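Trainee: Got a structure here, written out as structure tokens. Questions coming.
The values are calculated or read from the model by the stated rules, or taken from the named source; none is laboratory data. Just so it is clear, the model here is predicted, and its values are computed rather than measured. As a convention, Cβ positions derive from the backbone with ideal geometry for all residues, glycine included, and neighbour counts pool all protein chains shown. Heads up: the accessible areas ignore ligands, DNA and RNA and are worked out on the full protein's heavy atoms, side chains in. Shrake-Rupley method; radii C 1.70, N 1.55, O 1.52, S 1.80 Å.
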Amino acid sequence: MDKLNNQSLIQKLTARFADQISVPEEPYGLLTFETGKETIAEVLKFLKEDAALQFNYLTDITGIHYPEKELAIGVIYHLHSLRHNIRVRIKVFLSADKPSIPTASHLWKGANWMERETYDFFGIHFEGHPDLRRILNVDEMTVFPMLREYPLEDPNRVDKKDYFFGR
Amino acid sequence: MMNHPVFTDNDPQKETHTLNLGPTHPATHGVFQNVLEMDGERIVSGVSTIGYIHRAFEKIAEHRPFYQITPLTDRLNYCSSPINNMGWHMTVEKLLDIQTPKRVDYLRVIIMELARISDHLICNGILGVDTGAFTGFLYLMEEREHIYEIYEEICGARLTTNIGRIGGFERDFNDIAFAKIRKFLKNFPPIMKEFEALFNRNRIFIERTSGVAAVDPETALNYSWSGPILRATGVDYDVRVNEPYSSYQDFDFEIPVGTTGDVYDRFIVRNEEIWQSLRIIEQALEKIEKEPKGVFHAEVPEFYLPAKEDVYNNMEALIYHFKIVMGEIETPKTEVYHAVEGGNGELGFYLVNDGGRSPYRLHFRRPSFINYQMYAPMSSGMLLSDAIINMSSLNVIAGELDA
């Protein structure tokens, strides 16, 4: 079997998904593309199960928040094909109003806690997740602390004001 | 998930009892809580509760300039902080496209492999303690002390090391440091042999650990395991080889793999990795001899913090110091993922930069967090005493688990 590289991977993906995925970029050699909430489950399944790709290793799932954008909440997947030793990064952007996305936990059991962590910090609902609870923060918490509107420290504290560093 | 009927405590039908293992149990070596349903001595099901020492590192990192994030990484896997420090420096160097000199790479390799040894020593020593053999642990703690003395000679700290700077090291390794490394390479192997003689073919130890918590490679990959515990199942995934960083491609070493993925295999894989690490350090010392002396950082004044005496006596250094500290340095607006082989798995840094003073978003791919999630499911059906040694052999570090 030929070794997979970014070019052949792009060809495979565009052949399968055509315009459902964005034009891929390669920051520091890591193939990165965006897709929509509707296609992400299919994209992940394809990447994992296609015999020529074999992205069998889910490295990471995490979130990001761009408050000024229309689709403000991002979910970022890092996959790794151990067979070909190549990584890929997939991004899905969601609206900030009740963001939700299909779960990847039926493809990888390891996605379970990664998604719980992402939910805990960004409030992203993973549809079909078996046990979507907070994981690192206390259950009573009412906010999703990694969203940009929440400051690092209580802004009303006066003893730690530092005008030069903007804290 | 619980696949048995759950009864409240007062229900007469309830035949299991609930046991809180942790958060602070002497056998868990850290803040781990598992609420177990026990049927006698056998675990029926368990739920892990984590986050007791969550310190919001990712949020803090969004408010800190790059060089101030290094101390945060110390506090992830504090058994091998130098690997975390170097991983973070290399992430930033990748972002800024800084090429470090070979000598810096080799110095980093030495310090990272020492950290790996100390990490594995702790894990295997503790595993010995949990199986009832205290002696080996004490032998090894003395050697870890020697590794810490080397750290101390290089950076002044022992546990939360904060070794190095973006672009290299803050100072060169001095002669005492090299002498200590050489002394360690000479004195440690006999002690390691003695330790292996106490355990490897010890019938009591083998019967206690062999076949306990065996994991097949498919399950391990499905749970995104990495590090020695993945290699113990027979998967030869090691970031040092798959995506060499810090010139690991220049070194000749092997990746030990196990076959059954049980506690015994993990123990043997770690021991074997210690020997491989020693090999790497020896090669690195040889290679350093051939490199120009006194090179300990890349020549990137706009990113590398200048020495303090230069800041006071030298105009340019003062300017760069001010610019770095105040965050007025141009950085590319892009994103980078960099992974290193940490003591217990693939430690990844996902950095999204918007050109500002601090990262827009920094996510740590923490191997402990990801490795630990199989713990509760795999404990079902296990004896409590087996679950204890299983936890020790996973080498989950609370600081990294909770970030």
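Trainee: If each of B:L285 and B:E194 carries a label point 7 Å out from its Cα toward its Cβ, how far apart are those two points in nm?
Mentor: 2.0
Trainee: Among the GluC sites (Glu not before Pro) within the range B:309-397, which fall in a DSSP loop and have no more than 13 other Cβ atoms within 10 Å of their own Cβ? If you can, show how the numbers build up before the last one.
Mentor: On the way: sites: B:E309, B:E316, B:E328, B:E330, B:E335, B:E341, B:E346; in loops: B:E328, B:E330.
Sparse-neighbourhood loop GluC sites (Glu not before Pro): B:E328, B:E330.
Trainee: Specify the residue with the greatest mean-square fluctuation among B:G258, B:G136, B:G51, computed from a Gaussian network of chain B linking alpha-carbon atoms under 10 Å apart.
Mentor: Result for chain B, Cα springs under 10 Å: B:G51 fluctuates most.
Trainee: In Å², and per residue, what accessible area does the range B:65-402 have when probed at 1.4 Å with the other protein chains present?
Mentor: Values: 11800 Å² over 338 residues.
I get 35 Å² per residue for this part.
Trainee: How far is helix B:384-394 tilted, in degrees, relative to the longest principal axis of the Cα atoms in chain B, given as a value from 0 to 90 rounded to the nearest 10?
Mentor: 20
Trainee: B:F267: net charge of surrounding residues, Cβ under 15 Å, Lys/Arg +1, Asp/Glu -1, itself excluded? Walk me through the intermediate numbers first.
Mentor: Numbers: positive: B:R201, B:R203, B:R208, B:R231, B:R266, B:R270; negative: B:D119, B:D130, B:E196, B:E207, B:D262, B:D265, B:E272, B:E273, B:D386.
Summing Lys/Arg as +1 and Asp/Glu as -1 gives -3.
Trainee: Distance between Cα centroids, the range B:202-271 to the range B:370-384: provide it in whole Å.
Mentor: Taking the Cα centre of each part, the range B:202-271 and the range B:370-384 sit 18 Å apart.
Trainee: Taking loop as defined by DSSP and a crowding limit of 11 other beta carbons within 10 Å, which trypsin sites (Lys or Arg not before Pro) in the range B:128-202 fit?
Mentor: Numbers: sites: B:R144, B:R158, B:R165, B:R171, B:K180, B:R182, B:K183, B:K186, B:K193, B:R201; in loops: B:R158, B:R171, B:R201.
Filter output for the range B:128-202: B:R201.
Trainee: Provide the net charge surrounding B:M382, with neighbours chosen by a C-beta distance below 13 Å and charges set as Lys +1, Arg +1, Asp -1, Glu -1. Walk me through the numbers before you get to the answer.
Mentor: On the way: positive: B:R42; negative: B:E37, B:D39, B:E41, B:D262, B:D386.
Every neighbour counted, the sum reads -4.
Trainee: If you don't mind, there's one more thing I want to ask. Compute the long axis of helix B:135-155 from its Cα atoms, compare it with the longest principal axis of the Cα atoms of chain B, and write down the angle in degrees, 0 to 90, nearest 10.
Mentor: The answer is roughly 20 degrees.
Trainee: Do the alpha carbons of any pairs in A:K109/B:K14; A:K45/B:K102; B:K287/B:K333; B:K94/B:K183 sit beyond 32 Å of each other, and which pairs?
Mentor: Working: A:K109/B:K14 30 Å; A:K45/B:K102 41 Å; B:K287/B:K333 36 Å; B:K94/B:K183 34 Å.
Violating the 32 Å Cα-Cα cut-off are A:K45/B:K102; B:K287/B:K333; B:K94/B:K183.
Trainee: Please identify the longest segment of chain B free of exposed chymotrypsin sites (Phe, Trp or Tyr not before Pro), where exposed means a DSSP state other than H, G, I, E or B and no more than 15 other Cβ atoms within 10 Å. Intermediate results must be reported in sequence, preceding the final value.
Mentor: Values: sites that count: B:F7, B:F134.
Answer - B:135-403.
Trainee: What quantity of accessible surface, computed with a 1.4 Å probe and excluding non-protein components, is buried in total between chains B and A, in Å² to the nearest 100? Walk me through the intermediate numbers first.
Mentor: Working: alone 17460 and 10270 Å², together 23650 Å².
Result for this pair: about 4100 Å² buried.
Trainee: Can I ask one more? Between helix A:111-122 and chain A, what is the angle of the helix's C-alpha long axis to the longest principal axis, kept within 0 to 90° and rounded to the nearest 10?
Mentor: 40
Trainee: Something else now. Need the per-residue list for the range B:189-225: every residue with at least 30 Å² less accessible surface in the complex of protein chains than in the chain by itself, probe 1.4 Å, sorted by number.
Mentor: Listed by number, the residues meeting the 30 Å² cut-off are B:L221, B:N222, B:Y223, B:S224.
Trainee: Also: What residues in the range B:330-360 lose 20 Å² or more of accessible surface when the other protein chains are added to their chain alone (1.4 Å probe)?
Mentor: Those are B:T334, B:E335, B:Y337, B:E346, B:Y350, B:V352, B:R357, B:Y360, which lose 20 Å² or more relative to the chain on its own.
Trainee: Still on this model: Need one value for B:54-60: mean number of C-beta atoms belonging to other chains within 10 Å of its residues' C-beta atoms.
Mentor: Details: counts 5, 1, 6, 0, 5, 7, 2.
Rounded to a whole number, the mean comes out at 4.
Trainee: I'd like to check one number: the per residue accessible area of chain A, probe 1.4 Å, reported in Å² as a whole number.
Mentor: On the way: 8160 Å² over 167 residues.
Computed with neighbouring chains in place, this is 49 Å² per residue.
Trainee: Under a crude label model (7 Å from the Cα following the beta-carbon direction), how far is B:N174 from B:D250 in nanometres?
Mentor: 2.5
Trainee: Here's another thing I want to ask about it. Ranked from the most accessible area to the least, with a 1.4 Å probe and all protein chains present, what is the order of B:R240, B:R203? All intermediate terms of the calculation are to be shown ahead of the outcome.
Mentor: Details: B:R240 10, B:R203 170 Å².
Final ranking, largest accessible area leading: B:R203, B:R240.
Trainee: Averaged over A:59-67, how many beta carbons belonging to a partner chain fall within 10 Å of each residue's beta carbon? Spell out each step's value before the answer.
Mentor: Values: counts 9, 11, 3, 9, 2, 6, 2, 4, 0.
What the average comes to for A:59-67 is 5.
Trainee: Moving on to the next point. Would you mind pulling out the separation of the Cα centroids of the range B:296-357 and the range A:73-87, in Å?
Mentor: So the two Cα centres are separated by 27 Å.
Trainee: Counting only protein heavy atoms and using a 1.4 Å probe, what share of the accessible area of the protein assembly as shown belongs to carbon plus sulfur, as a whole percent?
Mentor: On the way: 12270 of 23650 Å².
About 52 percent, which is the carbon plus sulfur part of the accessible surface.
Trainee: A follow-up question, please. Let me know the mean shielding of A:135-144 by other chains, meaning the per-residue number of their Cβ atoms within 10 Å of its Cβ.
Mentor: 3
Trainee: Trypsin sites (Lys or Arg not before Pro) within the range B:20-81: which are DSSP loop residues with at most 15 other Cβ atoms inside 10 Å?
Mentor: On the way: sites: B:R42, B:R55, B:K59, B:R75; in loops: B:R55, B:R75.
Of the trypsin sites (Lys or Arg not before Pro), the ones in loops of the range B:20-81 whose Cβ has at most 15 other Cβ atoms within 10 Å are B:R55.
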